[in-house]
Amino acid sequence: VNNTCYPLMIMRFWRSIYMPKLAHIVTTLDCFSRQWAEIPLLARTHGQPASPTRMGKELMVFVHRLKAQMELLDAVPHCAKFGGATGNMNAHRVAYGDRDWISFANAFVDGLGLQRYQVTTQIEHYDNMAALFDACKRINTILIDLCRDIWTYISQGLFKQKTKAGEIGSSAMPHKVNP
């Protein structure tokens, strides 16, 4: 049961929560990159002033990076093990030897929206889950890069943070807004 329910839960989370939220981030960045397409910006390399660029282009870098990872993430199949204790359907065949268990298992797992691993051992091998989580790790790295760039733009005075009425930004310096 676990070899089917965990991939099903992960697939539903990925499709109904994770990917829509990530798509919203990409859409928002894409809108800002187009809105700020012509705003000049002095690029930096190794923290030092470098060549001119545009704010929109700098944000578009993140749009492209995230879209590439989303495509890789979409390509990872959501798979489940359904093959008995050791992957041979032995107990199934003993109980109901006249049934085509391979076809039944394929149809059942397919009906859940998953793909069935055709050859397994006792457990699901988790290769595709590892691929999903590796993609998530890469996406998190891209988002950390984005946050660092935005923090740098704030530090350089290129972006300004909005204060909220009644909100204290820092316990030691109430007039300040922390990023």
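A few comments on the model shown:
- Spatially proximal aspartates and glutamates relative to LYS81 (Cα-Cα < 18 Å; intrachain offsets below 8 disregarded): ASP100, ASP110, GLU124, ASP127
- Straight-line cross-link partners of LYS67 among the lysines, defined as a Cα under 21 Å from its Cα and at least 8 positions apart when in the same chain: LYS21, LYS57, LYS137.
- A helix-only calculation puts the chain at -18000 deg cm²/dmol for mean residue ellipticity at 222 nm, using -39500 (n - 2.57) for each DSSP H run of at least four residues, averaged over all residues.
- According to the Cα-based calculation, Rg over Rh for the range 1-138 is 1.24, with Rh computed by the Kirkwood formula.
- Of all lysines in the structure, those lying under 16 Å Cα to Cα from LYS162, and not within fewer than 8 positions of it along the same chain, are LYS176.
- Each 10 Å bin from zero up to the one holding the largest Cα-Cα distance in the range 17-94 carries the following percent of pairs: 16, 27, 20, 14, 9, 8, 5, 0.
- Rolling a 1.4 Å probe over the protein heavy atoms gives the range 67-165 an accessible area of 65 Å² per residue.
- Computed accessible area, ASP74, all protein chains, 1.4 angstrom probe, square angstrom: 120 Å²
- Residue with peak Gaussian network fluctuation, the chain [Cα springs, cutoff 10 Å], from LEU66, LEU158, LEU143: LEU158
- Within the accessible area of the chain, the carbon and sulfur atoms contribute 59%, probe 1.4 Å, all protein chains present.
- All other residues whose Cβ lies under 13 angstrom from that of PRO52 are scored, Lys and Arg at +1 and Asp and Glu at -1, for a net of +1.
- Each 5 Å bin from 0 upward holds the following percent of the Cα-Cα pairs of the range 92-134: 5, 18, 19, 25, 19, 7, 4, 3, 0.
The values are calculated or read from the model by the stated rules, or taken from the named source; none is laboratory data. Model, not experiment: these values are computed from the prediction. Cβ sites come from the backbone with ideal geometry, for glycine too, and all protein chains shown count toward neighbours. These area figures cover heavy atoms from the full protein model, side chains too; ligands, DNA and RNA do not enter into them. Shrake-Rupley method; radii C 1.70, N 1.55, O 1.52, S 1.80 Å.
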